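Beneath this line is the structure, given in structure tokens, with notes to follow.
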Amino acid sequence: MTAFPPLAVANAVLEEADRQGKSLTIMQLLKLVYIAHGWSLALLREPLVNEEPEAWQHGPVFPAIYREFRRFGSQRISGFATGPFGSIPHADLSDPQRAVIKSVVNNYGDKHAFALSRMTHEVGTPWFVTYKDGKGASHDIPNEIIAEHYIKLAHERRATS
């Protein structure tokens, strides 16, 4: 499977949110792309995004997504990311990748941005391990520890269901 640029995945998440009748803020979008990336690493054993997120103060961030959508502030995003010459980055997702995004938007897309941020800040999360009280600010969060975290979550969910 192919991993895609962050803006293409962000557009795929926005498209799915629109299909589900949901609108997103930048913080929700940043967290949903990260969560989809994590579940892809765990369930498909492949990255969804072709870059690793960075550990920022408010959680994991793909900087390109932040730069593209920061103009919306805390307002709902009302458009798609654009690339050079106004093109819209598109991810040619496989069916399993599409299913991961659909599930993530369905299960997490209604959560408030701060709730999503708190989820990514819990003790032991990849962000927590990387950020280290600010010492790891702006460091890449390695896919290996993201995968481990989401594999652990998958096992925990299977054990309780």
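Rule-based calculations on the coordinates, nothing more; no lab input. If you're wondering where the values come from, they're calculated on a predicted model, not measured in any experiment. Neighbour counts run over all protein chains shown; Cβ positions are idealised from the backbone, glycine included.
Between Ala99, Ala12, Ala147, the residue with the greatest mean-square fluctuation in the GNM of the chain (Cα pairs under 10 Å linked by springs) is Ala99. Averaging the sequence gap over all C-alpha pairs within less than 8 Å and six or more residues apart, then dividing by the number of residues, gives the chain a relative contact order of 33 percent.
Within region 75-101, what residues put their amide N at less than 13 Å from the label point 7 Å along the Cα-to-Cβ vector of Lys22? Correct set: 100-101. Dividing the summed helix terms, -39500 (n - 2.57) for each DSSP H run of n ≥ 4, by the number of residues in the chain produces a 222 nm estimate of -15500 deg cm²/dmol to the nearest 500. Return, ordered by residue number, the residues of region 29-59 whose backbone nitrogen is under 14 Å from a label point located 7 Å along Cα→Cβ of Arg158. In region 29-59, the label zone of Arg158 (backbone N under 14 Å from the point 7 Å along Cα→Cβ) covers 42-45. Among the DSSP helices (H) of the chain, those spanning at least 18 angstrom by Cα along their long axis with an average Kyte-Doolittle hydropathy of -1.0 or more are 6-19, 26-39, 95-108, 143-160; this is a geometric and hydropathy rule only.
Considering every alpha-carbon pair of region 39-78, the percent of pairs per 5 Å bin, from zero through the bin containing the longest distance, is 6, 19, 19, 24, 18, 10, 4. Pairs with C-alpha atoms separated by more than 23 Å, drawn from the list Lys111/Lys132; Lys102/Lys135; Lys22/Lys132; Lys111/Lys135; Lys102/Lys132; Lys31/Lys102, are Lys111/Lys132; Lys102/Lys135; Lys22/Lys132; Lys111/Lys135; Lys102/Lys132. Within region 1-32, find all residues whose amide N lies under 18 Å from a label point positioned 7 Å from the Cα of Asp95 along Cα-to-beta-carbon. Residues 1-2 fall inside that zone. Rg/Rh for the chain (Cα atoms only, Rh after Kirkwood) is 0.94.
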